[in-house]
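Undergrad: Before I ask anything, here is the structure I am working with.
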2 protein chains.
Amino acid sequence: MNALPLNAHPDRLHAYWQASNYLCAGMLYLRDNPLLRTPLQAQHIKRRLLGHWGTCPGQTFVLTHLNRLIVQHDLNMMYVCGPGHGAAAVLAHAYLEGHYSERYPECTQDAAGMLRLFQRFSAPGGIGSHCSAHTPGSINEGGELGYSLSHAFGAAFDNPDLIVAAMVGDGEAETGALAASWHSNKFLNPARDGAVLPILHLNGYKIANPTILARIPHAELLSLFEGYGYRPTFVEGSDPPAMHRKMARALDQCLADIRAIQAHARAGGNAAHPRWPLIVLRTPKGWTGPARVHGHAVEDSWRSHQIPLADPAGHPDELHVLAEWLNSYRPQELFDETGKLFPTLRALAPTGNRRISANPHANGGELRRALDLPDIAEHQVAVSEPGAQQVRATQVLGEYLRDTMRMNLDRFRVFGPDETASNRLSAIYDASGKTWLARTLDGDADGGNLSPTGRVMEILSEQTLEGWLEGYVLTGRHGLLSTYEAFAHVIDSMFNQHAKWLDKAKHHVPWRAPVPSLNLLITSLVWRQDHNGFSHQDPGFLDIVANKSPDVVRIYLPPDANCLLSVAEHCLRSVDYVNVIVADKQPHPTYLNGPQAARHCAAGIGVWEWASTFHEHEPDVVIACAGDIPTQEALAAVAILKRAFGGLKIRFINVVDLFTLMSDHSHPHGLPDEVFDRLFTRDKPVIFNFHAYPSLVHKLCYRRRNHANFHVHGYREQGDVNTPFELAILNGIDRYSLAMDVLKHVPRLRACSAAPLQSLSALQAQALDHAREEGIDSDEILNWRWPAAGAPLP
Amino acid sequence: MNALPLNAHPDRLHAYWQASNYLCAGMLYLRDNPLLRTPLQAQHIKRRLLGHWGTCPGQTFVLTHLNRLIVQHDLNMMYVCGPGHGAAAVLAHAYLEGHYSERYPECTQDAAGMLRLFQRFSAPGGIGSHCSAHTPGSINEGGELGYSLSHAFGAAFDNPDLIVAAMVGDGEAETGALAASWHSNKFLNPARDGAVLPILHLNGYKIANPTILARIPHAELLSLFEGYGYRPTFVEGSDPPAMHRKMARALDQCLADIRAIQAHARAGGNAAHPRWPLIVLRTPKGWTGPARVHGHAVEDSWRSHQIPLADPAGHPDELHVLAEWLNSYRPQELFDETGKLFPTLRALAPTGNRRISANPHANGGELRRALDLPDIAEHQVAVSEPGAQQVRATQVLGEYLRDTMRMNLDRFRVFGPDETASNRLSAIYDASGKTWLARTLDGDADGGNLSPTGRVMEILSEQTLEGWLEGYVLTGRHGLLSTYEAFAHVIDSMFNQHAKWLDKAKHHVPWRAPVPSLNLLITSLVWRQDHNGFSHQDPGFLDIVANKSPDVVRIYLPPDANCLLSVAEHCLRSVDYVNVIVADKQPHPTYLNGPQAARHCAAGIGVWEWASTFHEHEPDVVIACAGDIPTQEALAAVAILKRAFGGLKIRFINVVDLFTLMSDHSHPHGLPDEVFDRLFTRDKPVIFNFHAYPSLVHKLCYRRRNHANFHVHGYREQGDVNTPFELAILNGIDRYSLAMDVLKHVPRLRACSAAPLQSLSALQAQALDHAREEGIDSDEILNWRWPAAGAPLP
């Protein structure tokens, strides 16, 4: 550890803080005269003023003090910026630390480079006013609020040396995602994981309102965070010298507490539920900015949220106040005549990778080590004949994940909202228990699988889980989140933001190394909700996914267990995607053996010749399907049609990779038109049985030549408490509906189809009656199997 | 107030509780022999066991005790059931109270009716195991978790006599939505609103895990709820007699506290931030059920979450345990020989509308009083020529909402996540401030608009707001929530659940009266994000909406302020929908005067003849648009084309009601094919400029005859920090892209289009350069106006 460094002196800390505040204000206002070497003029002011001052000085204050702590103790520390539109503070520090200039060489460490930073900030073609993939040192998109703390915990898991300072805005603290994530401390193991130091920034106001946490009594605030299980320290005030002393003391104490907790746990002490420190920082909003403007309070008011002086270029009095404000930081005492920070101040910041802006974990792809993966051949299900064996695909996957876990105990976690077992992944508990640092009871030993060293993360908050996983993958590690299909919508917005982050990082931020993909297993599917009914029936998450950039999202619908394995292996190896895998947890037939599954999944789409008839001929009809349950019904429809119309030429196509349906011009996995046309024909009816809302298939292939002949069956928002087959019928994805649709659309069957239509319709009605009378589908349905090849048809 | 009633006797309370527990267990298991008048046999057991026992006995315990309180004090009380799959308890009470038989006469108050209740529970064709629209007394769908408390507060607003008991599950308490909603107490005015009594049910386990709140130390739990601003009372234990005493005492105290807070406030005392009571009820999960089964603890364990005995029909030992368990409630002492609850017990429940299951607020449509609405003519913008006037449409709407508020101060509220002013609705503050019961500071008087009597609800949690609004409309009142477009995804899942509720209520629950529509104003749109950049660009909420039943959702894209007024008036009058209105907050032209706007919005779609050329002829091209900003660009494209190709026949179509694009077979607002074909032609190119993702338009009209000629422009996930026009160009919704697309698709222009294409392309490049160099769009773009009719073209 270093001796007490230069930067512990309060005057120097203050000067460094002034320098970062100056840069923040400069980013908001200046298009010229960056160091105020000449008197401020209207023409130095940006033409359009966009940005957020209010949060900046509190954040620069914290960053300045964290620097002191890092240097003094040689800490490995990340910073997560939670307050909305807080990028200016983070950028100011990245620039002062020199790291911004390394990433963006045009922003040199001189007046010209400083001006370039000012000009690009919050300007078209430039960088946003909130943290994003462009921002060095950041793993948290600051546009939508609420995810900073769960991201911070995700970063800290399995990084024992890391301390993540998580600045939480009092606005964002009102969101559901943030409110739930305080409980993440019950899932952080001080022996194995790093530490998170939350700093709740009470600057009192949001856009136009006070914040709740800033307006509840001190005693309640203290109680709230003690209730959340933290040991809060309050740093409150507006007088800089006093605040510097308080903050330095608070950070020293927090670090000592963190070290003590870790030392105790790492010496084999009881790791359970330590009371981690937390800082409540109460400062004026827009601290050090203009106190009053046009008779209104600005500092310490919501009026300092964005631009404290609305139009200094147009109002000489505002220009005067702005000049006074900017000069109050005494830029000439901070930057030398070339515009470079004076060395005495520069020396206050950490160097190299210790700089918060350059912490390698915040560019986690650089630290990524690929997973060691088990051989899927050892997990594949033997397939004597297509469809002969029934297995729970997610159970097979669970065993594969168990082995994956065993081989990667330092960099792989599995996440689920109390549904890991329900989703049939419980084999994984043989490799690792569920992370749990709260109290355990005697009875927990009986199948509870709880353990402080567990690596399966379960909390009944999809938002917290998704936030943890995002933090985990953005710092270079690997994971998979399984969730009930209908409730994946709880994280729609988080998915959107993560996908947007990946898109920007991949295409616009060359210094960001690829990060492991974020893998979502969507299960407990719409078609098997039984007593859960209508509220659990929503396959629309795929529509959200399909709206995002084709370069960063993938959707897989493996038809059986072996295909699920193949897809999962591919996803766990991949980088920079969100992979969405849709697979049901109930027993279903397995159609393809291992090598067949691997080939089918690699192609993403293919003709199943064994399920087709006269497959060497141009077909009368194409029966296509995507999804495990729709595939089963499509096969059953083929069986019916084969029996009824021996001469019917059916081509059977299964789609695993949904984006193969798109054009290769629109998606890298898309099929070229000629290949698509060869598969789906140019003019034959295509009866497509789809897992989700039918419109998604139309959306993906409405420009294809044969699209007018596509008849897509899928969930059409019809359901209640239903047997599986009853629900299939209500939505028209059942074998009878499909077969009837074939009769309607194959020209040469139309003439002779009255009788068969009638009998199909009767069979369907019979199945419905059975379901309603018995509360369970008929044996005929339940025990239906794809006819073994060559076996006589019934 | 009544004298101490019969039902205060603990033995009787206990017997009533036993009766409801018996019914819950019966719902899980019995298909015959409902009163166990003969020894239990395998054939009496349901063939498929589906349901959730764990939460039931705690809820029936609470409901039994609430009954006592209601009768004793003649209370107007609702119950919100938060724990997952908790319907059996609520149904049991509804049945015991006789109300279930009133709503569902086939479930008579005798053995046969009881058996029908048992049989339909969690069975196909029957009712779900969680509360839903079918459940009398419920306003909370219990399938997805997290919304009980915000629903309860929504119900309590403006219902001064109502007490809403909100049972919160310790599983659901882990969700973000629930965690945030505890702070709702800062928004409840004891002088004007009713009370919410939260009862946190710590039964310790979720599906497969302990719950966090059940495993933190008592001191932390107490601190947490004191920190949230409540006065918690703990009722903990498993011994029924002791628990009855504790619960009765706790409820007496809570009621006294509520009454004291209300009396103080209603006598003109300081209403600010009272400490409302809250009960923490800790009971064993599956209390009174089988203690151990096959050597595993079941009572007080996650193993009692669903079916405690998995297969009594198949295992005689389990059948024996089940018989013992069911008989432990002594059904013969609870129900007479016909199967009717003994009158001594029946007398314990409230009667008529005082019954929790029959509380009129829980069927809020019955209490609905239509809004008194101001005359929109007084708010309409004068339009001298189409497009001559620029206004902020949402500002005009704000003034209309202000007057609506003034006329409906007992039944109308406006909700927004700290964005009401940002979304330009601030005129509303002239009618009512923002609800705020936390501390205020001197400076708040300066434009803060905070008031305990405010009716504008602002908290930075879209989930809490949506929950409040759902609770408010489901109890028969009216409201509107405005939110930033991109972050509407935060409530995707809540929207889904509310829409599903409405669908079921409307079609399957005839006794539910229509409730006011839930109105969502989607603003701060993708096209005007400027410095906010990519994270704020997501118009995909409409895709979520379009997946729901056409009977319960509406999407409106008014092109200007007068159309917005017309749409808003319609929405505020409507019932049983979720109305989604998309309108930007920035200044835009107004095209239609009041009567024109009313006609256009009533039709939902129409030709704008003034923007067409040679409108009496069959057009060469249709230029269509939906959304305010796309409309403006489409008009600008027309202006360009008119100038360049004087003879070009353009039909200009504007779409307000998005679902007019669907077929009338698929949506009640859909246009019949022949009308659609007349509008969009059968074979001419249609250049469609759309507000959101283009695929949504294709999804809605892919079956239309002319669909192959539809070329839809919309957001295609391309953006960053951009000027508005730069963003339009990047996504191809700008005037030049549209005009170029017309040149490409009108056959007779193709030959002569090389030069114009080049000059359009040059103009586009020039606009881009300007945006990038100046950071602002050119004056030509900014000041562009639709040419006045008849004026010479430039």
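The values are calculated or read from the model by the stated rules, or taken from the named source; none is laboratory data. Note that the coordinates shown come from a computational prediction; the quantities given were computed from them, not determined experimentally. No Cβ is skipped: glycine too gets one built from the backbone with ideal geometry, and neighbour counts run over all protein chains shown.
Condition check ((1) within 25 Å of the chain's Cα centre (by Cα); (2) surrounded by fewer than 24 Cβ atoms within 10 Å (Cβ to Cβ)) across all residues:
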site: A:Q537; (1), (2): yes, no
site: A:Y556; (1), (2): yes, no
site: A:P559; (1), (2): no, no
site: A:S566; (1), (2): yes, no
site: A:E569; (1), (2): yes, yes
site: A:S574; (1), (2): yes, yes
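Undergrad: Sticking with this structure for a sec: Taking the criterion of being out of contact with any helix residue (DSSP H, G or I) (no Cβ under 7 Å at 6 or more places or on another chain), under 30 Å from B:E726 (Cβ atoms) and away from chain A (no Cβ under 11 Å), would at least one residue in region B:494-514 satisfy it?
TA: no
Undergrad: Using the structure shown, decide if B:Y400 is of a type in the set (F, W, Y), under 25 Å from B:P559 (Cα atoms) and part of a helix (DSSP H, G or I).
TA: Judged against the criteria, B:Y400 is a match.
Undergrad: A further question on this structure: Which numbered condition in (1) of a type in the set (A, V, I, L, M); (2) in contact with a strand residue (DSSP E or B) (Cβ under 9 Å, 6 or more places away or on another chain); (3) at the interface with chain B (Cβ under 10 Å from one of its Cβ atoms) is the only one that A:V235 fails?
TA: The failed condition is (3).
Undergrad: Right, something else. Identify all residues within region A:215-232 that are more than 9 Å from chain B (Cβ to nearest Cβ) and assigned to a helix (DSSP H, G or I); write none if there are none. Steps first, please.
TA: To start, the set of residues in region A:215-232 that are more than 9 Å from chain B (Cβ to nearest Cβ) comprises A:218, A:230-232.
Result: A:H218, single match.
Undergrad: Next question. Name the one entry in B:N706, B:N689 that is polar (S, T, N, Q) and either closer than 25 Å to B:I522 by Cβ or surrounded by 19 or more Cβ atoms within 10 Å (Cβ to Cβ) (or both).
TA: Of B:N706, B:N689, the one residue that is polar (S, T, N, Q) and either closer than 25 Å to B:I522 by Cβ or surrounded by 19 or more Cβ atoms within 10 Å (Cβ to Cβ) (or both) is B:N689.
Undergrad: Right, another one. Against the definition (more than 14 Å from chain A (Cβ to nearest Cβ), over 23 Å from B:F541 (Cα atoms) and among the aliphatic types (A, V, I, L, M)), how does B:A767 come out, yes or no?
TA: no
Undergrad: A:R413: in a loop (DSSP other than H, G, I, E, B) and more than 20 Å from B:A173 (Cα to Cα), yes or no?
TA: Answer is no for this residue.
Undergrad: Also, quick follow-up: For the structure I just gave you, tell me whether A:G295 is within 14 Å of chain B (Cβ to nearest Cβ) and either touching a Cys at 6+ places or on another chain (Cβ under 7 Å) or in contact (Cβ under 8 Å) with a residue 12 or more places away in the chain (or both). Before you say what the answer is, go through the steps one by one.
TA: Values: within 14 Å of chain B (Cβ to nearest Cβ): yes; either touching a Cys at 6+ places or on another chain (Cβ under 7 Å) or in contact (Cβ under 8 Å) with a residue 12 or more places away in the chain (or both): no.
Judged against the criteria, A:G295 is not a match.
Undergrad: Please pick out the residue among B:H130, B:H134, B:H85 that is within 12 Å of chain A (Cβ to nearest Cβ), surrounded by fewer than 24 Cβ atoms within 10 Å (Cβ to Cβ) and either in contact (Cβ under 8 Å) with a residue 60 or more places away in the chain or under 28 Å from B:L341 (Cβ atoms) (or both). Even if it seems obvious, please write down each step before you answer.
TA: On the way: B:H130 fails: surrounded by fewer than 24 Cβ atoms within 10 Å (Cβ to Cβ); B:H85 fails: surrounded by fewer than 24 Cβ atoms within 10 Å (Cβ to Cβ).
Exactly one residue qualifies, and that residue is B:H134.
Yes/no matrix, rows are residues, columns are (1) assigned to a strand (DSSP E or B); (2) within 14 Å of chain A (Cβ to nearest Cβ); (3) basic (K, R):
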| residue | (1), (2), (3) |
| --- | --- |
| B:H273 | no, yes, no |
| B:V280 | yes, yes, no |
| B:G286 | no, yes, no |
| B:P290 | no, no, no |
| B:D311 | no, no, no |
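Undergrad: Is it true that some residue in region A:437-447 is of a type outside the set (K, R), touching a residue at least 24 places away in the same chain (Cβ under 8 Å), surrounded by fewer than 24 Cβ atoms within 10 Å (Cβ to Cβ) and closer than 15 Å to A:D410 by Cα?
TA: No, there is no match, as no residue in region A:437-447 is of a type outside the set (K, R), touching a residue at least 24 places away in the same chain (Cβ under 8 Å), surrounded by fewer than 24 Cβ atoms within 10 Å (Cβ to Cβ) and closer than 15 Å to A:D410 by Cα.
Undergrad: Of the residues A:F342, A:F335, only one is of a type in the set (F, W, Y) and surrounded by fewer than 21 Cβ atoms within 10 Å (Cβ to Cβ); which?
TA: Of A:F342, A:F335, the one residue that is of a type in the set (F, W, Y) and surrounded by fewer than 21 Cβ atoms within 10 Å (Cβ to Cβ) is A:F342.
Undergrad: Take the residues in region B:154-175 that are of a type in the set (V, I, T) and in contact with a strand residue (DSSP E or B) (Cβ under 8 Å, 6 or more places away or on another chain), then tell me which one is farthest from the other protein chains (Cβ to nearest Cβ).
TA: That would be B:I163.
Undergrad: Of all residues being touching a strand residue (DSSP E or B) at 6+ places or on another chain (Cβ under 7 Å) and basic (K, R) in region B:424-474, which is nearest to the other protein chains (Cβ to nearest Cβ)? Just the residue, please.
TA: The qualifying residue nearest to the other protein chains (Cβ to nearest Cβ) is B:K434.
Undergrad: Something else: List the strands (runs of 3 or more DSSP E) that sit entirely inside region A:579-641 and contain at least 3 residues that are within 29 Å of the chain's Cα centre (by Cα), surrounded by 24 or more Cβ atoms within 10 Å (Cβ to Cβ) and without any contact (Cβ under 8 Å) to a residue 60 or more places away in the chain.
TA: The strands (runs of 3 or more DSSP E) meeting that bar number zero.
Undergrad: For region A:457-559, give me every one of the helices (runs of 4 or more DSSP H) that falls completely inside it and has 2 or more residues that are touching a residue at least 12 places away in the same chain (Cβ under 8 Å) and basic (K, R).
TA: Of the helices (runs of 4 or more DSSP H) lying wholly inside region A:457-559, those with at least 2 residues that are touching a residue at least 12 places away in the same chain (Cβ under 8 Å) and basic (K, R) span A:492-508.
Undergrad: If I filter region A:73-82 for residues that are crowded, with 22+ Cβ neighbours inside 10 Å, within 14 Å of chain B (Cβ to nearest Cβ), modelled with pLDDT of 95 or more and not in a helix (DSSP H, G or I), do I get at least one hit?
TA: yes
Undergrad: Select from region B:693-739 the residues that are in a helix (DSSP H, G or I) and more than 28 Å from A:K504 (Cβ to Cβ) and list them in ascending order.
TA: B:L700, B:C701, B:H707, B:A708, B:N709, B:A739
Undergrad: A further question follows. Could you tell me whether region B:476-487 includes any residue that is of a type in the set (K, R) and closer than 21 Å to B:L425 by Cβ?
TA: yes
Undergrad: A further question on this structure: State the number of residues belonging to region A:406-418 that are of a type in the set (D, E) and in contact with a strand residue (DSSP E or B) (Cβ under 6 Å, 6 or more places away or on another chain).
TA: 1
Undergrad: Going through A:F680, A:F676, A:F690 one at a time, which residue ends up being closer than 30 Å to A:S549 by Cβ, among the aromatic types (F, W, Y) and under 27 Å from the mean Cα position of the chain (by Cα)?
TA: The match here is A:F690.
Undergrad: Which one is nearest to the chain's Cα centre (by Cα) among residues in region B:742-755 that are touching a residue at least 40 places away in the same chain (Cβ under 8 Å) and surrounded by fewer than 18 Cβ atoms within 10 Å (Cβ to Cβ)?
TA: Among those residues, the one meeting the criterion is B:H745.
Undergrad: Let me ask something additional. Since A:D677 meets every condition but one in (1) in contact with a Phe, Trp or Tyr (Cβ under 6 Å, 6 or more places away or on another chain); (2) surrounded by fewer than 22 Cβ atoms within 10 Å (Cβ to Cβ), which condition does it not meet?
TA: Only one criterion in (1) in contact with a Phe, Trp or Tyr (Cβ under 6 Å, 6 or more places away or on another chain); (2) surrounded by fewer than 22 Cβ atoms within 10 Å (Cβ to Cβ) is unmet by A:D677, namely (1).
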